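The values are calculated or read from the model by the stated rules, or taken from the named source; none is laboratory data. Values in this document were obtained by computation on a predicted structure and should not be read as measured data. Glycine also receives a Cβ, built like all others from the backbone with ideal geometry; neighbour counts cover every protein chain displayed. For the accessible areas, the whole protein counts, side chains as well, though only heavy atoms, and no ligand, DNA or RNA atoms are used. Shrake-Rupley method; radii C 1.70, N 1.55, O 1.52, S 1.80 Å.
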Amino acid sequence: MADHEANLSTGCPDKSGIDSWHRELCNYVISAEYAHIIENSRALELRRMKERDTSAVHEYFIAKIQHADGCTRYLRIERFPGDYTPTTTSRQHSASRVSSSMDSLKERAALDEVSTVSGWPRHDRVLEKVDVTNANITLIHLTIAAWVVRTHNSQYRLLSMQCYWYSDMVLRVLEDAYRFRVDRSLSQDVDVGQAWSGEKYSKGGWAGMTWHKERQEQVAVMAGKFREEHDRVCDEIRLAREWREAELKEHEQTAMEEGMEVGMEVGMEAGIQKGMEAGIQKGREEGREEGREEGREEGRKEGIEERRKLQAKIDELERAIQRK
C-alpha cells in the first residue's frame with residue numbers, strides 16, 4: 001500500500017486509514033522480515049488529547065512508541081467525517097474536517113486515520129494519560145484496538161460516533177485489556193502549564209454541551225472483540241513461526257544431506273585416487289622385487305651355462321693331450 005511503503009521498516013505510517021494499517025501490520029507481523037520489528041516496538045505512554053485551535057475542539061488518541069530500532073515515535077489515531085476538503089496546514093486540515101461535521105447531522109462514513117507526528121502536541125489539552133511502559137503493548141495491539149473500535153461502528157454520527165467517542169473508546173479498550181490505571185484528573189495542558197476552563201474544553205464536550213459519555217456496555221463488547229482478534233493474530237503468528245521453523249529445519253536437513261552426498265563423492269574420489277597411488281606404489285615395489293628375483297635366476301642360469309661350456313673346453317683339451 002502506497003502510504004506504508006516509506007515506513008515498512010518501522011510499522012509507523014506517515015498517514016494511513018485504520019483498516020489498511022491493521023491489515024498491513026498483521027501481514028508484516030507474520031512475515032520473517034518484519035515480525036521482530038512490530039513485536040519489539042512498544043508503547044511507553046498513551047494520551048487522549050483535545051485540540052485548542054479548532055472550532056469544534058477536536059479530540060484524538062496519541063501513543064509514544066519505543067521502536068525496535070531505538071528511536072521514539074508518536075502515533076496519532078483519530079476520527080473525522082469522511083466528507084471533508086483538505087486545506088494547506090495540518091492544524092487547518094484538522095479544523096476543516098471537524099467543523100465540516102457541524103454543517104449537518106446526517107450519518108456518513110467515518111474517516112479513521114493513523115499518522116506519525118513529531119512529538120506530544122504542546123498546545124493541546126491532555127484529557128487523560130497513562131504510563132504503559134510495563135504493560136507490553138506493542139504496535140500490533142494498538143492497531144487491533146483502533147481497528148476493533150472502527151469495525152464496531154464505521155459511521156460518523158455527530159451526536160454519538162464522532163472523534164470524542166472514537167478516541168475515548170480506543171483508550172478504554174486498551175485499558176480493559178491490560179488493566180492499567182488511567183489518570184483522569186487532568187485539568188491543565190501539562191506541557192505548557194496553561195489552565196483550561198469551561199465546558200468547551202471538557203472531555204467529550206463542545207459549546208457548553210457534552211457530546212459523548214462513556215458507555216460501559218460498548219466497551220465490554222469491543223474489549224471482547226479485541227481479545228478475539230488478538231488471539232487470532234497470535235495464532236497466525238504462532239503458525240507462521242512454526243512454518244518458518246519447519247521450513248528452516250527442512251532447509252538444514254536438505255543442506256546436511258547434500259553435504260553428506262558431496263562429502264561421500266569427495267571421499268570416494270579421494271579414496272580412488274589414494275588407492276590408485278597405493279596400487280602404483282605397490283606395483284612398483286612388487287615389480288622391483290620380481291625383477292630382482294628374475295635377475296638372480298637368470299644370472300644363476302647363465303653362470304651354470306658358462307661353467308658347463310668352460311668344463312667342456314677343459315675336457316676337450318685333456319683328450320687332445322692324451323692323444324698325443
Condition met for LYS309 (closer than 30 Å to ILE37 by Cα, free of Cβ contacts under 8 Å to residues at least 60 places away in the same chain and in a helix (DSSP H, G or I)):
no
Condition test on ALA223, is it modelled with pLDDT of 80 or more and either loosely packed, with under 10 Cβ neighbours inside 10 Å or over 60 Å from the mean Cα position of the chain (by Cα) (or both)?
no
Residue hits (the stretch 109-157; part of a loop (DSSP other than H, G, I, E, B), of a type in the set (A, V, I, L, M, F, W, C) and open to solvent by less than 10 Å² (accessible area, probe 1.4 Å)) are VAL132, ILE137
Just one of (1) at pLDDT below 80; (2) open to solvent by less than 70 Å² (accessible area, probe 1.4 Å) trips up ARG172, so point out which.
(1)
Condition check: outside any strand (DSSP E or B), of a type in the set (Asp, Glu) and at pLDDT below 80. Does GLU228 satisfy that?
no
Quick one: would you say GLU250 is in a helix (DSSP H, G or I), at pLDDT 80 or above and of a type in the set (D, E, K, R)?
yes
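Results for (1) within 25 Å of the chain's Cα centre (by Cα); (2) closer than 19 Å to GLU59 by Cα; (3) modelled with pLDDT of 90 or more, shown as yes or no for each residue.
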site	(1), (2), (3)
VAL130	no, yes, yes
ASN134	yes, no, yes
LEU142	yes, yes, yes
ASN153	no, yes, no
LEU158	no, yes, no
